Amino acid sequence: MITLATNNLHKLQEFQDLLGTSLRSLRDVPGAPDVVEDGETFEANAVKKAQALADLTGDWTLADDSGLEVDALGGAPGVHSARFAGEHGNDAANNRLLLQKLEQTANRAARFVCVLALCHPKERPLIFRGECEGRIALTPSGSAGFGYDPLFIPQGRESSFATLGPDVKQAISHRARALELLLANAKAREVLHRS
């Protein structure tokens, strides 16, 4: 079984739904390393996490690094999305800080980015990047989802991801687009089929 390098149960469920298969999480791997995400790019962080776990388990591992890039902030919060306000995973604080930083700008263009790395100890990493363009709302709305979902309005929509709900998000999200690329790759499909 493929291991997804995450402790985030929201993310685990989203990946399982999108792939249509069961995955192990870090909770299922005794001695799983606590990988420091200190890369300067989403790609670097995804590969670092997947490779560390693949080396430990000796099997294929899937990891993602994802976040929000806001044009008016020069691409920030970027790889620091989960700890934008200082405390890792404090969604409310991250959203407040983002709105605060955008108070004086009309440019609300942004995108969610997801980079997937599928790694094995004896293979070259397979890397897939998906993006979902959109804009940052003036105020949060909705209660579904997590992270910046209450503030992010995807292109062509008038409501936030947190309002649109999981079915719409799973169809058009950055993660869905990265997974589409993964599933279009013959080697990745072979790995999934064997697991």
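The values are calculated or read from the model by the stated rules, or taken from the named source; none is laboratory data. Small disclaimer: the values here were computed from a predicted structure and weren't measured. Here the Cβ is made from the backbone with ideal geometry for all residues, glycine too, and neighbour counts use every protein chain on show.
For segment 179-192, the criterion of a residue being buried (at least 21 other Cβ atoms within 10 Å of the Cβ), outside any helix (DSSP H, G or I) and touching a residue at least 24 places away in the same chain (Cβ under 8 Å) is satisfied by no position.
When residues in segment 158-178 are screened for being in a loop (DSSP other than H, G, I, E, B) and either touching a strand residue (DSSP E or B) at 6+ places or on another chain (Cβ under 9 Å) or not small (Gly, Ala, Ser) (or both), 4 of them pass. Among residues of segment 103-116 that are touching a residue at least 12 places away in the same chain (Cβ under 8 Å) and surrounded by fewer than 16 Cβ atoms within 10 Å (Cβ to Cβ), those with a beta-carbon under 6 Å from a residue that is not in a strand (DSSP E or B) and not acidic (Asp, Glu) at least six positions away or on a different chain give the pairs 105/72; 107/72.
Considering segment 24-58, the residues that are closer than 18 Å to residue 12 by Cα and of a type in the set (D, E, K, R) include one that is modelled with the highest pLDDT, namely 49. Considering (1) at negative phi; (2) modelled with pLDDT under 95, the lone condition that residue 86 does not fulfil carries the number (1). Only residues that are at negative phi and either modelled with pLDDT under 95 or part of a loop (DSSP other than H, G, I, E, B) (or both) were counted across segment 112-157, and they come to 20. When every residue of segment 151-164 is checked against the conditions, none turns out to be in contact (Cβ under 8 Å) with a residue 24 or more places away in the chain, farther than 22 Å from residue 62 by Cβ and surrounded by fewer than 19 Cβ atoms within 10 Å (Cβ to Cβ).
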